[in-house]
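Chemist: Next up is a structure, given as structure tokens.
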Amino acid sequence: MSVSGSDNLLVMVRLRGLHAVAPFEAHLAERFPHLKVSDRTDFLHSRKRMGRLLDTTGRAVGHVPFSLPQV
């Protein structure tokens, strides 16, 4: 993934829920006063996290083994 143009920083974070987005952005604004959030995309549910398969309640029910692509 690459970013170019005036918006030249991409930050990807995992938070406990949507309630944590505003405090996270406030912390960034306090720590980096010149930073401007120009866009945001929220994903509410992740089917796979760190190689784990999750059920509808977010519990691990399996895994996907890591493998390198064949060259």
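The values are calculated or read from the model by the stated rules, or taken from the named source; none is laboratory data. Since the structure is predicted, the reported quantities are computational estimates derived from the model, not experimental observations. Reconstructed Cβ throughout: ideal geometry from the backbone, glycine too, with neighbour counts over all protein chains shown.
Chemist: Could you list all residues from segment 20-71 that are modelled with pLDDT of 80 or more, more than 23 Å from Leu10 (Cα to Cα) and assigned to a loop (DSSP other than H, G, I, E, B)?
Modeler: Scanning segment 20-71 gives Asp55, Thr56, Thr57, Gly58, Arg59, Val64.
Chemist: Oh, and also: Kindly provide the set of residues from segment 6-20 that are under 22 Å from Gly58 (Cα atoms) and out of contact with any Asp or Glu (no Cβ under 7 Å at 6 or more places or on another chain), ordered by number. Before the answer, list the steps.
Modeler: Filtering segment 6-20 down to residues under 22 Å from Gly58 (Cα atoms) leaves 12-20.
Result: Met12, Val13, Arg14, Leu15, Arg16, Gly17, His19, Ala20.
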